[in-house]
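What follows is calculated from the coordinates using simple rules that are stated; it is not laboratory data. The model shown is predicted, which means the values in this text are computed figures rather than measured ones. Backbone-built Cβ (ideal geometry, glycine too); neighbour counts: all protein chains shown.
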Amino acid sequence: MCTSNSSEGTGPRSRGLPETGFTGLEAAIVLIAFIIVASVFAYVALQAGFSSAQQSQSVIHQGIQQAGSSCTVTGTVYGVSATRSFVESVIIPVGLTAGGEPIDMTTVSVRFIGPRHSEIVVQAKPLVGVFPGYGFWSVQERVNSDADMLLEAGEQYVLNISPWNQNDCRPYGSFAVEIKPVGRAALRVERTVPGSIERMNRLD
């Protein structure tokens, strides 16, 4: 009898106790691993959020800097032509906006845009003091300027822009000229051609 009772104490029910304890240990390990993984993901998400916020601030800062450093129209815009069919050249006087940084005019790009066409107008060579041919632009005149090609505070550069295609320069036509220094906001000048074209035409 005693031998039988002893063997019952070492049966399957008695061996099940260590198995139950091991299962609990596994659950604890899985829980700890889950917490660690969740912590890592949270850290990565926070780092990504901080990085995105810094990039957004950088983009905003660059936009503000560009807007504050562009040029502006400083006088009347004229259209010049030797024919009554279309305007051949557009004369635009430009200067710096208040507080703007100097602009290297040799880095400026010009784009002529209209309902019927769009084109990039190329810098004339030499750039200063020449009447440009079709498809080119030049600095027709510099006012209160020194010898360099920097548009600085108090100076005025008169640009002569002659598009290759004049489809949008005919009577009652409309167009826009975009003047963009490198790394700065573009100046967009929109004008309408009068119904009757003279040699010198004020463009509004």
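Summary table
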read-out: In nm, spacing of pseudo-spin labels at R199 and A42 (7 Å Cα→C-beta vector); value: 8.1 nm
read-out: Extension reserve of the T72-V122 stretch, reckoned as 0.36 nm per residue once the Cα distance is removed; value: 16.0 nm
read-out: Linear extension gain, N165 paired with R188, 0.36 nm per residue minus alpha-carbon span; value: 6.4 nm
read-out: Label point distance in nm, D148-Y134, each placed 7 Å from Cα along Cα→Cβ; value: 3.8 nm
read-out: Under-5 Å amide H pairs with V130, H placed in peptide plane, nonlocal only; value: V139
read-out: At 1.567 mPa s and 4 °C, Stokes D of the range 71-202 from Kirkwood alpha-carbon radius, µm² per second; value: 88 µm²/s
